[in-house]
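The values are calculated or read from the model by the stated rules, or taken from the named source; none is laboratory data. Quick caveat: nothing in here was measured; it's all calculated off a predicted structure. Positions of Cβ are generated from backbone atoms using ideal geometry, with glycine treated the same way; all protein chains shown enter the neighbour counts. Note: areas computed on protein heavy atoms with side chains; ligands, DNA, RNA excluded. Shrake-Rupley method; radii C 1.70, N 1.55, O 1.52, S 1.80 Å.
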Amino acid sequence: MERMQVLKDNLSVIEKVVPRGSEIIYLDYPLHLNVGDLLILKGAEQFFKENNYKVITRHSDNTSMRFVEKTNSIPEHVVIVLHGGGNFGDLYPAHQRLREAVVKKFKNNKVIILPQTVHFKDKANLLKSGEIFKQHPNLTIFCRDTNSQEILKEYFCDNVFLCPDMAQSLWNVFPQQKGSDIKKKAMWMIRRDIEKTDLSALGASAEPSEFIDWYDICTDGDRRFMKFMHLLEKLNRHIPGNLFPTNTMWYGYTDKLVERVNQRFMSHESVITSRMHGHILCCLLKMNTQLIDNSYGKNSGYYESWTKGVPGCELVKL
């Protein structure tokens with residue numbers, strides 16, 4: 001069986017905790033333009049669809065905390081599902097505060113955190129957060145690498161399971177590159193944010209003027225639409241009845257955005273990237289890719305755990 005199909009099948013470990021047909025609440029989905037997070041979103045929704053989950057309500061990263069604060073109770077049979085990714089820790093504190101608020105408030109509900117990578121810069125923050133998570137009696141955390149698994153089991157909860165990224169659910173959903181798609185040489189997709197990598201060891205082979213990141217792939221039109229969605233979410237807070245269907249509008253818009261990104265990727269012969277989801281997207285599109293580690297080993301951890309056997313994939317060690 002093809003390695004990518006194996007990875008998609010490995011997501012079934014979630015189904016053992018959240019049975020088919022379950023009613024769920026989905027929190028912290030990305031209403032921003034990190035396309036990697038959007039791929040996780042699309043993969044999560046594909047998984048929900050394939051397992052016939054009934055999503056009672058969805059809330060974005062901008063509105064989830066307000067939902068938690070204003071909701072006094074949730075029926076006990078409803079499972080609270082939190083978006084996955086690489087933001088479990090103290091690099092992105094708003095997301096961690098939301099997870100802590102959920103496990104503090106909803107102790108009568110099963111709480112699931114979709115596959116994450118864990119990183120804390122400060123041990124004190126890790127210990128403080130871990131004490132909050134340990135208080136929840138029915139919490140399961142899925143994680144994308146063995147280092148995260150060890151941290152979570154030691155400090156956060158007993159129910160911790162290794163699992164690929166949710167974007168792996170998009171295997172055989174996205175198109176796959178054909179020879180006729182290729183119009184350009186290799187694309188360098190390199191992080192510029194707090195997880196950026198020092199590439200000086202690559203020498204002359206890495207030309208910074210050719211580097212792009214998700215920001216460059218997204219357009220000013222995309223950014224205007226995102227800001228418009230943020231405005232509508234604010235209006236929904238003040239107008240009774242949730243007047244503007246922001247979930248539907250954002251999902252539809254980002255479906256088209258992801259299609260556009262897919263076409264751009266497939267126009268290159270290969271992708272050299274320090275973005276984990278640049279790498280995963282290449283795997284989904286059956287493209288050649290070289291993966292460079294990020295600042296704290298997230299990429300190499302994922303590669304060693306999951307994509308090492310995918311044809312055309314290579315880890316570049318600096």
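In whole percent, what relative contact order does segment 98-178 give with Cα contacts below 8 Å and a gap of six or more residues?
Values: 109 pairs, mean separation 25.3, N = 81.
Contact order relative to length: 31 percent.
Can you tell me the 0 to 90 degree angle between the C-alpha axis of helix 220-238 and the longest principal axis of the chain, rounded to 10?
Once rounded, the angle reads 0 degrees.
At 1.4 Å probe size, with every protein chain present, just tell me what the per residue accessible area of the chain comes to in Å².
Values: 14130 Å² over 318 residues.
Result: 44 Å² of accessible area for each residue.
Suppose a student asked you for the relative contact order of the chain, using Cα pairs under 8 Å spaced at least 6 residues apart; what percent would you report?
Numbers: 548 pairs, mean separation 60.8, N = 318.
For the chain, the relative contact order is 19 percent.
Taking 0.36 nm per intervening residue step and subtracting the Cα-Cα distance, what contour gain separates Arg192 from Gln135 on full extension? Can you show the working numbers first?
Values: separation 57, 0.36 × 57 = 20.52 nm, distance 3.69 nm.
Extra length from Arg192 to Gln135 when fully extended: 16.8 nm.
When DSSP beta bridges are limited to those with both residues in the chain, what percentage is antiparallel, rounded to the nearest 5?
On the way: 0 of 37 bridges.
Close to 0 percent.
Do any GluC sites (Glu not before Pro) in segment 40-142 lie in a loop, going by DSSP, with at most 12 other beta-carbon atoms within 10 Å of their beta carbon, and if so which?
Values: sites: Glu45, Glu50, Glu69, Glu76, Glu100, Glu131; in loops: Glu76.
Here the GluC sites (Glu not before Pro) that fit, given the DSSP loop and packing criteria, are Glu76.
Please compute the contact order of segment 1-126 in relative form: average sequence separation of alpha-carbon pairs under 8 Å and at least six residues apart, divided by the residue count, as a percent. All intermediate terms of the calculation are to be shown ahead of the outcome.
Values: 164 pairs, mean separation 33.8, N = 126.
Reported relative contact order: 27 percent.
Tabulate in residue order the Karplus-calculated ³J(HN,Hα) for segment 291-296, using 6.51 cos²θ - 1.76 cosθ + 1.60 with θ = phi - 60°, rounded to whole Hz; enter x for Gly and Pro.
9, 9, 5, 8, 5, 10
Would you kindly derive the ³J(HN,Hα) couplings of segment 178-190 from the backbone phi angles with the Karplus curve 6.51 cos²θ - 1.76 cosθ + 1.60 (θ = phi - 60°), listing them in order in whole Hz, with x for Gly and Pro?
Residue by residue, segment 178-190 yields 10, x, 6, 6, 7, 10, 9, 6, 4, 9, 9, 10, 10 Hz.
Starting at the first residue of segment 58-65, write each ³J(HN,Hα) from the Karplus equation 6.51 cos²θ - 1.76 cosθ + 1.60 with θ = phi - 60°, in whole Hz, x for Gly and Pro.
10, 9, 7, 5, 8, 10, 5, 5
Would you work out if segment 224-266 is rounded, prolate or oblate? Take a ≥ b ≥ c from the square roots of the eigenvalues of the alpha-carbon gyration tensor; rounded if a/c is under 1.5, else prolate when a/b is larger than b/c, oblate otherwise.
Details: a/c = 6.36, a/b = 2.87, b/c = 2.22.
In terms of gyration-tensor shape, prolate.
By how many degrees, 0 to 90 and rounded to 10, does the Cα axis of helix 93-105 deviate from the longest principal axis of the chain?
Between helix and principal axis, roughly 30 degrees.
Give me the tail of P(r) for segment 70-191 as a percent: Cα-Cα pairs with distance above 19 Å.
More than 19 Å apart: 54 percent of the Cα pairs in segment 70-191.
Considering the zone a paramagnetic label at Ile56 would reach in this model (a point 7 Å from Cα along the Cα-to-Cβ line), which residues of segment 86-110 have amide N under 13 Å from it?
Once the point is set 7 Å along Cα→Cβ of Ile56, 106-110 turn out to lie under 13 Å by backbone N, inside segment 86-110.
Out of segment 50-110, which trypsin sites (Lys or Arg not before Pro) are coil in DSSP terms and have no more than 14 other C-beta atoms within 10 Å? Let's see the in-between values first.
On the way: sites: Lys54, Arg58, Arg66, Lys70, Arg97, Arg99, Lys104, Lys105, Lys107, Lys110; in loops: Lys107, Lys110.
Answer by residue number: Lys107.
Counting each DSSP H run of 4 or more residues in the chain as -39500 (n - 2.57), what helix-only mean residue ellipticity at 222 nm follows after dividing by all residues, to the nearest 500 deg cm²/dmol? Please report the intermediate quantities before stating the final value.
Values: 12 runs with 130 residues, N = 318.
Value at 222 nm, helices only, nearest 500: -12500 deg cm²/dmol.
When a/c reaches 1.5 or more, the comparison of a/b and b/c decides; with that in mind, is segment 1-160 rounded, prolate or oblate per its Cα gyration tensor?
Note, shape of segment 1-160 comes out rounded.
Given the C-alpha centroids of segment 136-172 and segment 210-242, what is the distance between them in whole angstrom?
After rounding, the separation between the Cα centres reads 30 Å.
Could you state the orientation-averaged shadow area of the convex hull built on the Cα atoms of the chain, in nm² to one decimal? Spell out each step's value before the answer.
Details: hull surface 65.5 nm².
With every direction weighted equally, the projected area is 16.4 nm².
Counting Lys and Arg as +1 and Asp and Glu as -1, what is the net charge of the other residues whose Cβ lies under 14 Å from the Cβ of Lys134? Numbers along the way, then the final one.
Values: positive: Arg99, Lys104, Lys107, Lys128, Lys153; negative: Glu100, Glu131, Glu154, Asp158.
Spelling it out: positives minus negatives among the neighbours equals +1.
Net charge within 11 Å of Asn247 by Cβ-Cβ distance, Lys/Arg positive one each and Asp/Glu negative one each, not counting Asn247 itself? Can you show the working numbers first?
Details: positive: Arg58; negative: Glu45, Glu233.
Counting the neighbours of Asn247, the net charge comes to -1.
Going through the cross-link list Lys8/Lys128; Lys54/Lys178; Lys153/Lys308, which pairs have a Cα-Cα distance over 28 Å in this structure?
Working: Lys8/Lys128 34 Å; Lys54/Lys178 36 Å; Lys153/Lys308 25 Å.
Pairs exceeding 28 Å: Lys8/Lys128; Lys54/Lys178.
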